[in-house]
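The values are calculated or read from the model by the stated rules, or taken from the named source; none is laboratory data. Since the model is a prediction, treat every value here as computed from it, not as a measurement. Cβ: placed from backbone, ideal geometry, glycine included. Neighbour counts: every protein chain shown.
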């Protein structure tokens, strides 16, 4: 696919859509939906450039479906029809085991009914992609910083993301902003089948 020539010009401002955690893709304005479609294409282009493998026919639909999740922040660098880069951060949940005290009883004590674990909400960076011709100009850092700030401003305790093991440039970026690897994921990368590594950043105590 053709790429625009790299430029030393300053990056454009970040355009954002931040509807709160109840908005879904269907409620995104038509102008933003066009940007979503362009960003899906950019993500596929970036993956193909990085991995040297063409995403399968259903990948575009799977990527687009991520915009149907509760959105924390959708940020775009550049024009809606031809973005330089974008980041999508959504709301995720997991059992808050720290509040499930049923495991604390000694073995010889009568067991109490197990408490129903509460669900902890956290921000999850679903997608981050930069035009291959524009990589190395700081766009990824701008977008990641924007996602971190949005998650913190909305009161989330932490931000998580997954990255393919071996994607050293992305891992370096995440670590440079204070993110910490927490272990491998059981789900393999959708295109390459390579294992994934989980990262998190604590935003508040």
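Below, the figures for the structure above:
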{"item": "Of all residues in segment 165-186 being in a loop (DSSP other than H, G, I, E, B) and touching a residue at least 12 places away in the same chain (Cβ under 8 Å), the one that is surrounded by the most Cβ atoms within 10 Å (Cβ to Cβ)", "result": "179"}
{"item": "Segment 148-164, residues that are crowded, with 21+ Cβ neighbours inside 10 Å and in a loop (DSSP other than H, G, I, E, B)", "result": "156"}
{"item": "Residue in segment 65-78 that is nearest to residue 139 (Cα to Cα), counting only those that are part of a strand (DSSP E or B) and free of Cβ contacts under 8 Å to residues at least 60 places away in the same chain", "result": "74"}
{"item": "Qualifying positions in segment 49-64 - in contact (Cβ under 8 Å) with a residue 12 or more places away in the chain and either in contact with a strand residue (DSSP E or B) (Cβ under 8 Å, 6 or more places away or on another chain) or not in a loop (DSSP other than H, G, I, E, B) (or both)", "result": "49, 50, 51, 59, 60, 62, 63, 64"}
{"item": "Among (1) modelled with pLDDT of 80 or more; (2) touching a strand residue (DSSP E or B) at 6+ places or on another chain (Cβ under 7 Å); (3) more than 20 Å from residue 134 (Cα to Cα), the one test that residue 38 misses", "result": "(3)"}
{"item": "Residue 91 vs. criteria in contact with a helix residue (DSSP H, G or I) (Cβ under 7 Å, 6 or more places away or on another chain), within 30 Å of residue 34 (Cβ to Cβ) and either exposed (fewer than 12 other Cβ atoms within 10 Å of the Cβ) or modelled with pLDDT of 80 or more (or both)", "result": "no"}
{"item": "For residue 102: the one exception among (1) assigned to a helix (DSSP H, G or I); (2) touching a strand residue (DSSP E or B) at 6+ places or on another chain (Cβ under 7 Å); (3) at pLDDT below 50", "result": "(2)"}
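Each row is one residue, and each column tells you yes or no for (1) in contact with a helix residue (DSSP H, G or I) (Cβ under 7 Å, 6 or more places away or on another chain); (2) at pLDDT 80 or above; (3) surrounded by 12 or more Cβ atoms within 10 Å (Cβ to Cβ).
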| site | (1), (2), (3) |
| --- | --- |
| 15 | no, no, yes |
| 29 | no, no, no |
| 47 | no, yes, yes |
| 50 | no, yes, yes |
| 58 | no, yes, no |
| 68 | yes, yes, yes |
